[in-house]
Amino acid sequence: MEHGEQSPGYHDTKAAHLKRLRRIEGQIRGLQRMVEEDKYCIDVLTQISAATRALESVALNLLDEHLHHCVAHAIEAGGDEAQLKIAEASDAVARLVRS
């Protein structure tokens, strides 16, 4: 387990996340087929946008679970770990906003 701590914040929803990621994987394979089959550019771009939104949705759900689980536990414990988790979450938000 990463960072030597308890189970991840998404532990209880792992199956749902995996199901969504498999669906997104199928969307990406569909995009590959569309390009191989020379589909219309706008149709490919529309599907890319849908896959991007799906990934963003998974990311936001994971972030929410991280905040409610890992960050909340670290804040309760206090100390340097709390500051580290807050900074880590802030960095993750910044990466999501830039993407």
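The listed residues are Ala54, Ala89, Ala82, and the only one of them that is in contact with a helix residue (DSSP H, G or I) (Cβ under 6 Å, 6 or more places away or on another chain), of a type in the set (A, V, I, L, M, F, W, C) and at pLDDT 95 or above turns out to be Ala54. Exactly one residue out of Val58, Val71, Val97, Val93 is part of a helix (DSSP H, G or I) and loosely packed, with under 12 Cβ neighbours inside 10 Å, and it is Val97.
Here is the figure for the stretch 65-86: residues that are acidic (Asp, Glu) and either on the phi > 0 side of the Ramachandran plot or touching a Cys at 6+ places or on another chain (Cβ under 9 Å) (or both) total 0. Check the stretch 77-87 and report whether any residue there is within 20 Å of Thr13 (Cβ to Cβ), hydrophobic (A, V, I, L, M, F, W, C) and assigned to a helix (DSSP H, G or I). No: the stretch 77-87 contains no residue that is within 20 Å of Thr13 (Cβ to Cβ), hydrophobic (A, V, I, L, M, F, W, C) and assigned to a helix (DSSP H, G or I).
The values are calculated or read from the model by the stated rules, or taken from the named source; none is laboratory data. This structure is a prediction, so every number in the text was calculated from the model and none was measured. For neighbour counting, all protein chains shown are included, and Cβ atoms are generated from backbone atoms with ideal geometry for every residue, glycine included.
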